[in-house]
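Worksheet for the structure shown next.
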Amino acid sequence: MVIEYFCNRLFVIVKLIIRFVFETIGINSKSFEHEFTSTSSSTAHHADTEGNQYRHGLVIFLVTLVFIIAFGYASFFWRKLAAFCLTNKIKKPSATNRPCHEFSHEEKERIVVVGAGVLGSCIATVLARDDRKVTLIERDLKEPDRIIGELLQPGGCQVLRNLGLDECLVSCEEAQSTTGYIIHDWKTGASVHIPYPKASDNQCKEGKAFRHGKFIMSLREAARKEPNIEIIEGTVQALIEDNGVVTGVTYRPKKCDDSQEIRAPLVIIADGGFSKFRKHLHSEQVHVSSHFVGCIMKNCPQVKANHAELVLSNPNPILIYRISDEETRVLVDIRCQTLPKNIKEYLLEETLPYLPEHLAAPFEDGVLNERVRSMPCKFLPPSTARKDGVLMLGDAFNMRHPLTGGGMSVAFNDIYIWRELFKEISDLTNYQQVEEAYSRFQNRRKMTHSFVVNILAQALYELFSANDEHLSRLRDACFEYFKLGGRCVDGPVGLLSVLSPKPFTLIGHFFAVALYSMWLIIKDSGLRVHVGVYRATGTFIKACQVIFPLIWSEIRTIA
């Protein structure tokens, strides 16, 4: 049903894309459509100059070419999806196994959450407030210190308020408001302003930037206040399995050598991007595309107050945002499997020359005098493989490139969905009911935030870290697209902010950028039209190679 809906909507979105691109490049889309329905009236109506007739003919040719390429890719992935479904590669538990262990009344009411990070602390608090007994186990309850997980988009802030945890943002020390982005293009020296959508009071909606550890401690403090939560500082060693069903965990408390058991009908694994349990519960492989190298810049000026900045350098994007009154985080993406040995020297030689003037001095000072750290940027598509009695959520379950700062927004939206689903599950030992809820969870997240944030993050990263000529053209076209303003900004920023996570809006704008790129290539080719058509075709094929595998990674796990 979801696949059928997807295909039907594609026809509508293609028509809207073409109409939008025609209007963008100055061609009347209604008259263009009329050209196909009435030849005689078209001839009278389009008594244009020879140049305009040539332009219209060229656009007709390009649109035909685009449809041929897109149809070829769509057919390939449709056949791939059909084969995937026929061979039944999406494995679901039978939900017929029953553990031999008989849960006591106290155990039957308990949920164990492994990991007190962003998702673990939040879901424990939410479930406890809904009268669930929760045991939260965390290896180290000291304040963590990381260089990512510091930017929460407005959509994430909104969901956090809906979950009743907005006090965690208020109590987060020195948290900074963000109301949009400034994107700098190193090639042209130009900048474009990308404000967040406006609220009813005509003010931009706000995201938040903060020290990761401060926010984690605020979430843990909220959990600590709940009487239904028991917090244990210790290391979870293994899952307890009984007849193929997870019935609890073994853990070793901190400062204790003896292992202990705790039984529960449901264990939620939320131990983050370096999860030790993923290989046993997840069918997908983690892909490391690059590394974020970051440091702190002190007293760094802002082009526009309360705005993050993104520098499109050569070839690595650079993300900058303020996390306290005096501190600004800078993250440099380095596309490699192994980082350079002298990372400070690399940053000064390969990154500093591409920074805008107002960032150069603070960046140099930060690299020389502050701690420089790195973090792998991972991509992990979601999987339907699972066992009864256990759920994987958060970065243990699904990751995307952190360039767009959408990870925590995905986590909070997932929690919001599960909160509603858990209200319909009265008995956690009813594994069939839990499995049905899991299928509904997968489908709901696919049609909203998961699809949008995962694909947007990976697609934008491929464009902004362009490593070939076609991706470079797409990156340049994307920047020019943003400069058009209006809906060319409103639509993408609604996706980026996770305020309007609509899958078909994402697909529409991605292909609008691809077609706009083709138009710019043809226009700049002058009299060498055949060369322009060749390059434009290659660029569009590259766009398809970027987006279709990402779409496939999402829709193949629709339950």
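Determine whether the stretch 331-343 contains at least one residue that is in contact (Cβ under 8 Å) with a residue 24 or more places away in the chain and over 25 Å from the mean Cα position of the chain (by Cα).
Yes - at least one qualifying residue is present in the stretch 331-343.
For the stretch 262-275, what are the residues that are assigned to a loop (DSSP other than H, G, I, E, B) and either without any contact (Cβ under 8 Å) to a residue 40 or more places away in the chain or under 17 Å from I232 (Cα atoms) (or both)?
A264, A270, D271, F274, listed by residue number.
Which of (1) open to solvent by 30 Å² or more (accessible area, probe 1.4 Å); (2) farther than 19 Å from G406 by Cα; (3) among the small types (G, A, S); (4) in contact with a Pro (Cβ under 9 Å, 6 or more places away or on another chain) is the odd one out, the single condition G486 does not satisfy?
With (1) open to solvent by 30 Å² or more (accessible area, probe 1.4 Å); (2) farther than 19 Å from G406 by Cα; (3) among the small types (G, A, S); (4) in contact with a Pro (Cβ under 9 Å, 6 or more places away or on another chain) applied to G486, the lone miss is (4).
Residue-wise test of (1) open to solvent by 30 Å² or more (accessible area, probe 1.4 Å); (2) in contact (Cβ under 8 Å) with a residue 40 or more places away in the chain.
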| position | (1), (2) |
| --- | --- |
| H470 | yes, yes |
| R475 | no, yes |
| Y481 | no, no |
| G494 | no, yes |
| L499 | yes, yes |
| H509 | yes, no |
| M518 | no, yes |
| G526 | yes, no |
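Give me the pairs: first residue in the stretch 283-295 and touching a residue at least 40 places away in the same chain (Cβ under 8 Å), second residue part of a loop (DSSP other than H, G, I, E, B) and among the small types (G, A, S), beta-carbon distance under 6 Å, and six or more apart or on different chains, which are they?
Final answer for the pair search is S283/S383; S283/A385; E284/S383.
For the stretch 372-415, give me each residue that is assigned to a strand (DSSP E or B) and open to solvent by 20 Å² or more (accessible area, probe 1.4 Å).
If the condition is that a residue be assigned to a strand (DSSP E or B) and open to solvent by 20 Å² or more (accessible area, probe 1.4 Å), then R373, S374, M375, P376, K378, F379 are the ones that fit.
Please specify each residue of the stretch 205-263 satisfying the condition of being among the aromatic types (F, W, Y) and over 30 Å from P154 (Cα atoms).
Y251
Take the residues in the stretch 476-528 that are hydrophobic (A, V, I, L, M, F, W, C) and touching a Gly at 6+ places or on another chain (Cβ under 8 Å); name whichever of them is farthest from F412 (Cα to Cα).
Here the answer is I522.
Within the stretch 140-173, which residues are small (G, A, S), touching a strand residue (DSSP E or B) at 6+ places or on another chain (Cβ under 9 Å) and over 18 Å from H212 (Cβ atoms)?
G155
Looking at the stretch 308-347 only, could you name the residues that are part of a loop (DSSP other than H, G, I, E, B), over 20 Å from F215 (Cα atoms) and either of a type outside the set (A, V, I, L, M, F, W, C) or modelled with pLDDT of 95 or more (or both)?
S313, N314, P315, N316, R335, Q337, T338, P340, K341, N342
Taking the stretch 296-307, which residues are buried (at least 16 other Cβ atoms within 10 Å of the Cβ) and either assigned to a strand (DSSP E or B) or touching a residue at least 60 places away in the same chain (Cβ under 8 Å) (or both)?
Scanning the stretch 296-307 gives I296, M297, C300, N306, H307.
Could you say whether any residue in the stretch 108-117 is touching a Ser or Thr at 6+ places or on another chain (Cβ under 9 Å), farther than 24 Å from P301 by Cα and modelled with pLDDT under 95?
Yes, there is a match, as at least one residue in the stretch 108-117 is touching a Ser or Thr at 6+ places or on another chain (Cβ under 9 Å), farther than 24 Å from P301 by Cα and modelled with pLDDT under 95.
How about the stretch 244-260: which of its residues are closer than 24 Å to Y431 by Cα, open to solvent by 20 Å² or more (accessible area, probe 1.4 Å) and modelled with pLDDT under 95?
G244
For residues that are under 29 Å from I455 (Cβ atoms) and not acidic (D, E), tally how many sit in the stretch 329-354.
The qualifying residues number 12.
Considering only residues that are surrounded by 21 or more Cβ atoms within 10 Å (Cβ to Cβ) and either over 30 Å from V332 (Cα atoms) or aromatic (F, W, Y) (or both), which ones fall in the stretch 264-281?
Those that are surrounded by 21 or more Cβ atoms within 10 Å (Cβ to Cβ) and either over 30 Å from V332 (Cα atoms) or aromatic (F, W, Y) (or both): A264, P265, L266, V267, I268, I269.
The values are calculated or read from the model by the stated rules, or taken from the named source; none is laboratory data. Just so it is clear, the structure is predicted and the values come from calculations on it, not from any experiment. Positions of Cβ are generated from backbone atoms using ideal geometry, with glycine treated the same way; all protein chains shown enter the neighbour counts. Accessible surface is based on the protein model in full, side chains and every heavy atom, while ligands, DNA and RNA are left aside. Shrake-Rupley method; radii C 1.70, N 1.55, O 1.52, S 1.80 Å.
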